[in-house]
Amino acid sequence: MAGYKVRQFVSTDPQFYLSRGRKDAITIQGLRNASRWKVQRVFAGDYDRSIYLVPLAERQRRLEAIDWIESATVSRVWPDRIVVRVRERQPIAFVNLNRGVMLIDAHGKLLEPPAQSHFAFPVISGITDNDTDAQTGEHVATFLRVQSDMGYLMKDVSEVDTADPEHVRLIAQADTRAVILLVGEGNYAVRYQNFLKHYQDIVKRSPKAKVFDLRLDDRITVKD
């Protein structure tokens, strides 16, 4: 009976109500790129009733369904506040799809670019609108292998074509020109450094060349 009375008290007494008129009624921490409106909408039905009645696990589930949110926690702060802590996903590249340009994280999660955002990432090409999650994950895994192997040299790369993981293609900046490099399935940094070492000599012999095959470690072939 005592427990019932306590529950009735914290469920119905106005001092525990989540107030629309209080700016800090819901505090959101860790939000940078995710939509604040989407987060606030999760709690739209919780105003003007006790925070005791807020189903924390369900609110967490709905928050983690928002594209940019990787994980979230929801806590009651008595008597009348809710605190939300989110960890956002970290994009690693752009993807060009039929529906538009998207960002993508290391787990293959597609993310809507926030309004007025400024990101400097390479593009992963080869991903399509019809790819399954598993297929998208394979493209991302190939990109991450290239990124890891290339290290600081990735600063020169504007696009990684992962359509065929055994025949990766890079678009990179050589001097002031964009060149297409066929780098195969490994030794990306070694092959790229070898290309840079011989690039000036290659340009002298083939000044209009834009496509180079680096898949054999001991030679560079100019492609038509």
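Restricting attention to the stretch 112-141 and to residues that are in a helix (DSSP H, G or I) and hydrophobic (A, V, I, L, M, F, W, C), the residue that is surrounded by the most Cβ atoms within 10 Å (Cβ to Cβ) turns out to be Val140.
Go through Val39, Val84 for me and flag whichever is open to solvent by less than 40 Å² (accessible area, probe 1.4 Å), within 26 Å of Lys109 (Cα to Cα) and not in a helix (DSSP H, G or I).
Details: Val39 fails: not in a helix (DSSP H, G or I).
Every option except Val84 fails the conditions.
Identify all residues within the stretch 87-111 that are part of a strand (DSSP E or B), farther than 13 Å from Leu31 by Cα and in contact (Cβ under 8 Å) with a residue 40 or more places away in the chain; write none if there are none. Passing the criteria: Ile92, Ala93, Leu110, Leu111. Could you grab me the full set of residues in the stretch 142-184 that are open to solvent by 30 Å² or more (accessible area, probe 1.4 Å), in a helix (DSSP H, G or I) and under 24 Å from Arg219 (Cβ atoms)? Of everything in the stretch 142-184, those that are open to solvent by 30 Å² or more (accessible area, probe 1.4 Å), in a helix (DSSP H, G or I) and under 24 Å from Arg219 (Cβ atoms) turn out to be Arg145, Asp149, Gly151, Asp156.
Residue-wise test of (1) open to solvent by 70 Å² or more (accessible area, probe 1.4 Å); (2) under 29 Å from Ile104 (Cα atoms); (3) touching a residue at least 24 places away in the same chain (Cβ under 8 Å); (4) part of a strand (DSSP E or B).
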| residue | (1), (2), (3), (4) |
| --- | --- |
| Arg7 | yes, no, yes, no |
| Gly21 | yes, no, no, no |
| Asn33 | no, yes, yes, no |
| Gly45 | no, no, no, no |
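Pro91 - would you say it is more than 17 Å from Val39 (Cβ to Cβ), modelled with pLDDT of 95 or more and over 9 Å from the mean Cα position of the chain (by Cα)? Against the criterion (more than 17 Å from Val39 (Cβ to Cβ), modelled with pLDDT of 95 or more and over 9 Å from the mean Cα position of the chain (by Cα)), Pro91 does not qualify.
Would you confirm whether any residue within the stretch 65-72 is assigned to a strand (DSSP E or B), in contact with a Leu (Cβ under 6 Å, 6 or more places away or on another chain) and open to solvent by less than 30 Å² (accessible area, probe 1.4 Å)?
Start the filter on the stretch 65-72 by keeping residues that are assigned to a strand (DSSP E or B), which leaves 69-72.
When the remaining residues are screened for being in contact with a Leu (Cβ under 6 Å, 6 or more places away or on another chain), the result is 69, 72.
Keeping just the survivors that are open to solvent by less than 30 Å² (accessible area, probe 1.4 Å) gives 69, 72.
Yes.
Condition check ((1) in contact with a helix residue (DSSP H, G or I) (Cβ under 7 Å, 6 or more places away or on another chain); (2) over 30 Å from Arg215 (Cβ atoms); (3) not hydrophobic (A, V, I, L, M, F, W, C)) across all residues:
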| residue | (1), (2), (3) |
| --- | --- |
| Trp78 | no, yes, no |
| Val83 | no, yes, no |
| Gly126 | yes, no, yes |
| Ala134 | no, no, no |
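A count restricted to the stretch 101-111 and to residues that are open to solvent by 40 Å² or more (accessible area, probe 1.4 Å) and at positive phi stands at 0. Take the conditions (1) open to solvent by 80 Å² or more (accessible area, probe 1.4 Å); (2) of a type in the set (A, V, I, L, M); (3) in contact (Cβ under 8 Å) with a residue 60 or more places away in the chain; Val190 misses just one of them, which is (3).
The values are calculated or read from the model by the stated rules, or taken from the named source; none is laboratory data. Since we're looking at a predicted model, the values are computed, not measured. All Cβ positions, even for glycine, are placed from backbone atoms using ideal geometry, and neighbour counts span all protein chains on display. Ligands, DNA and RNA are stripped out before the accessible areas are found, and what is left, the full protein with its side chains, is counted by its heavy atoms. Shrake-Rupley method; radii C 1.70, N 1.55, O 1.52, S 1.80 Å.
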